[in-house]
1. With all pairs of different alpha carbon atoms counted, what Kirkwood hydrodynamic radius in Å does the range 121-206 show?
2. For the pair residue 200 and residue 42, how long in nm is the line joining their label points, each one 7 Å along Cα→Cβ?
3. Once you have the Cα-Cα distance between residue 173 and residue 23, take 0.36 nm times their residue separation minus that, and quote the gain in nm to one decimal.
4. Could you work out how much longer the chain between residue 5 and residue 152 gets when fully extended? Use 0.36 nm per residue separation minus the Cα distance between them, nm to one decimal.
5. Expressed in nm to one decimal, what extension gain is obtained for the pair residue 159 and residue 95 from 0.36 nm per residue of sequence separation less their Cα-Cα distance?
6. If we count other beta carbons within 10 Å of each Cβ, what is the order of 91, 176, fewest first?
7. How many angstrom lie between the Cα centre of the range 151-208 and the Cα centre of the range 25-76?
8. Could you sort 120-127, 186-193 so that the peptide with the highest average Cβ count within 10 Å comes first and the rest follow in order?
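What follows is calculated from the coordinates using simple rules that are stated; it is not laboratory data. These figures come from a predicted structure and were not determined experimentally. Note: ideal-geometry Cβ built from the backbone for every residue, glycine included; neighbour counts use all protein chains shown.
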């Protein structure tokens, strides 16, 4: 029933869907692709505050303004809803409101982990944590591999520069950490974007 009030939209990599500080006029569900949530700092720089994947919900139902911008990191497909129509539909369907609450609590948990990742962890711990999360999130979205086990080998939907931006590091630091993890036998790098986890327990330990 929800599909009757939504429309599909394809975003090119780099295309924005929601802008920080603007009126919250739409919400969306991610069908395919990866998008970043970002906010501007006082000195004009961009700070990436989160990443969303297929099946994630973006936007702010029942809200007035958008707290962050949403931009596609890769080509992405989303189902877009007018916030006003979505809010009215949710009020008439308690099960949807319950699901929204669950997703909000899940997002809060991810935000807390993100704050720990950026504020407390070393460069090596950040990269290791990122790779572990990618292996788990890509499985959750129904990509190749077993659906009840994290992927051992996957293709990153990010460039090295994008990984650096997401983790608050320089591209040189990210490259050094990838090289170090490979030399220590924790991962293999079959190509520029492919990652194979060789020693998952070791990588988890490295992530702190």
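1. Details: mean 1/r = 0.0777 Å⁻¹.
Computed over Cα pairs of the range 121-206, the Kirkwood hydrodynamic radius comes out at 12.9 Å.
2. The answer from the label model is 4.4 nm.
3. Working: separation 150, 0.36 × 150 = 54.00 nm, distance 3.74 nm.
Length gained between residue 173 and residue 23: 50.3 nm.
4. On the way: separation 147, 0.36 × 147 = 52.92 nm, distance 3.84 nm.
That pair, residue 5 and residue 152, stretches by 49.1 nm at full extension.
5. Values: separation 64, 0.36 × 64 = 23.04 nm, distance 3.86 nm.
Full extension from residue 159 to residue 95 adds 19.2 nm.
6. On the way: 91 11, 176 15.
Exposure proxy ranking, most exposed first: 91, 176.
7. Here the two parts' Cα centres lie 24 Å apart.
8. Working: 120-127: 17.0, 186-193: 13.9.
Going by the mean number of other Cβ atoms within 10 Å, highest first, we get 120-127, 186-193.
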